[in-house]
Structures are given as structure tokens and as C-alpha cells.
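The values are calculated or read from the model by the stated rules, or taken from the named source; none is laboratory data. This structure is a prediction, so every number in the text was calculated from the model and none was measured. All Cβ positions, even for glycine, are placed from backbone atoms using ideal geometry, and neighbour counts span all protein chains on display. Please note that ligands, DNA and RNA were not included when accessible areas were found on the heavy atoms of the full protein model with its side chains. Shrake-Rupley method; radii C 1.70, N 1.55, O 1.52, S 1.80 Å.
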Amino acid sequence: FNDNGSNSSGSPTHLTTHSINYLEVGDSSKPALLLVHGFGASSYHFRHNIPVLARKYHVYAIDMLGFGWSDKPIMDYDATVWKDQVVDFVQEVILNGDDDNKEERSIAIAGNSLGGYTAMYASSDERIKDNVKACILINAAGRFRDPEAIEEPSEPNPIIKSISSAIQRFVIACSFVYTKQPLRIEQVLRQVYPIDNSNVDSELVESIQTPAQDDTAAEVFYRVITKNGAGPQAYVDDILKELDCPVLLAWGESDPWIRSAAADKIESLHAEFHGENVAGENGSKWIKRASIDAGHCPHDEAPEAVNDAILSFVDEVLSIA
């Protein structure tokens, strides 16, 4: 993954390369399906999805920068970092190995939580949107525009800002040290697997705990949480406007963190921007919802239901029998 530094004029001043961990499973002649994990997790979180999905598709699963077994550089983290990582990965890995059919290669991108937001953001990017034929949002995170919100001053009081930042750093650092404890990780996971927590096992806990031991993990955690140095974050509303491909909401309806109302809002906005379009009767901009009896991570809590929903949707979009 290449991180382009830039000066105040926006022109590149340096190029930094980071190592990214990813898995690749399945027949490379098949359409590609890219999986993007959520906050604090890794590609391992798709352990119950990859073997099933790879029977029919060429599956990739990446560790986002700052998480899992990918590099954790000390840098400013915002949504564009992971969007660009996914775009770069599609261009340099998924499409680069298929030079003869690069323009025709079909790709579906699926993500959970922060990874869902990243999947949606990347799918709308002009650099790859011609190849992205489907986008799957699994309890996706993201902010909506509030038409009644009052814009905050662009230049906050620097003294208040510094004090607030110091307090935030202390609280988040303490919580991070606490969260690295296996019992605490398991406790948090059980909260977000409210229907069936049988998959909250020692392997899942270890997959979260081990990368958290990295030297820079605590600082990365702080920067991600506070979006330190970040510019304006893209709203879900604006991203949905730019999405040209069909969208699947594979939603855990018992999510204690991102409520079902968020999926309702996405459906409403999609209809507002693209009109009513049942199963693509009026073009490619259509949306479908699969309600899953699970919490925030339905792909791991109820993998059979999510796998079926993804396969059915992507099959329909790509018309694969």
C-alpha cells in the first residue's frame, strides 16, 4: 500500500510503502470477492466465510492498515487511508494479475462495521467503480448528514483543544491497555454477539489480542479513535449518491452498537437518490436487505445466513448459475 505524502498545495512530496497482510483463496478465473474487516479485527474474522465463499468466487481478505498483521505506522488516520488502501489493493493485486481481462474483471466488495464503510467508500471511487459490480454492507459504520445540525467553528480554542486532547489520550490509552486483556476482549465480543456467542472462542480472542501487542498499536488505536489530524469525513449520504452498483445490506438486526435504524436510513437515502428499483429492473442502482438474527458481527455470529445472503446476492448481480 502506497501512502502519498503531500505539502500544503496538495502536491506529492514523498511516497511511503507499507506492508499489508492479506489472504487469497479460490479459483483465480472466477470473479473476485474482497472482504474488509471492522475496527480492531483482522481478516481472521472471516474464518467461517472464506472457505464457503471461495467455492464459487476468488476471495481476498485484507488486514486494514493499523490492524491485524498489516503495518501499524504512526500517521494520521482517517477514512481516506483505508479507502485508498482498498483501491490500491484492487488495482495492484486483484486487477494487476489479470492484465488480459482487466477491464472486464468483476469485483464485489464486502465489509463489516468500519470495513463496511470502507467497502462502500472504495466502491464509489472513480478509479475502480467500473470493475466493482456489487457492494455488501454488513452492519456498516458511518455518519449521516443531519439537516438540522449547526456547523461547529472551524478554529476551536487551542487551549481547550489541547486539554481535551490530553484527557482523551489518557482515557483511551487506559482503555486500550484494559482491552488487551483476553477476558475483557471476550466480554466485549459477547456483548456484540447477543443471539449466539458460541463462536466467541479463544482463537477469535487471540486474533484480536496478538496484534494489539505491537509497539505502535496503542498510538494507532488513539489516532483512529480520535481521528487525530483528520480532514472532513465523507458522509454516508454523499457516498451513496456516487454508488453505481447494487448494494446488499446483510444486517444483524440485534446489533447493540449500530442499530437497525441505520440500515433503514441507508435504504431511505438510496431510494431518495436513485429511486425505487426492485432487483435492478431500472438499472444497476438497486438495494436489497437481508435481515440476520445476530448482532454487530453477523458474518461470524451467524455465518451460514450471511454466506447464503452474499452468495445469493452476488450470483444475482453477476447472473451466475
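Regarding Gly26, is this residue in contact with a His (Cβ under 6 Å, 6 or more places away or on another chain) and either modelled with pLDDT under 95 or more than 21 Å from Ile208 (Cβ to Cβ) (or both)? So Gly26 fits the description; yes. Residues that are under 12 Å from Met64 (Cβ atoms) and touching a strand residue (DSSP E or B) at 6+ places or on another chain (Cβ under 9 Å) within the stretch 35-48 comprise Leu35, Val36, His37, Gly38, Ala41, Ser42, Ser43, His45, listed in sequence order. Taking each residue of the stretch 106-133 that is among the charged types (D, E, K, R) and looking for partners that are part of a helix (DSSP H, G or I) and open to solvent by 10 Å² or more (accessible area, probe 1.4 Å) with beta-carbon atoms closer than 6 Å, six or more apart or interchain, yields Lys133/Val317.
Among the residues of the stretch 16-40, those identified as in a loop (DSSP other than H, G, I, E, B) and not hydrophobic (A, V, I, L, M, F, W, C) are His18, Ser19, Asn21, Gly26, Asp27, Ser28, Ser29, Lys30, Pro31, His37, Gly38, Gly40.
Consider the stretch 245-303 and keep the residues that are closer than 28 Å to Lys129 by Cβ and aromatic (Phe, Trp, Tyr). The one that is surrounded by the most Cβ atoms within 10 Å (Cβ to Cβ) is Trp251. Scanning the stretch 202-226 for residues that are under 21 Å from the mean Cα position of the chain (by Cα) and among the polar types (S, T, N, Q) gives Ser207, Gln209, Thr210, Thr226.
Does Val36 count as open to solvent by 10 Å² or more (accessible area, probe 1.4 Å), of a type in the set (Val, Ile, Thr) and within 21 Å of Ser207 (Cα to Cα)? Criteria not met by Val36. Restricting attention to the stretch 54-72, the residues that are more than 26 Å from Glu219 (Cα to Cα) and either under 12 Å from the mean Cα position of the chain (by Cα) or crowded, with 24+ Cβ neighbours inside 10 Å (or both) total 3. Within the stretch 42-53, how many residues are open to solvent by 10 Å² or more (accessible area, probe 1.4 Å) and part of a loop (DSSP other than H, G, I, E, B)? Residues flagged as open to solvent by 10 Å² or more (accessible area, probe 1.4 Å) and part of a loop (DSSP other than H, G, I, E, B) within the stretch 42-53 amount to 2.
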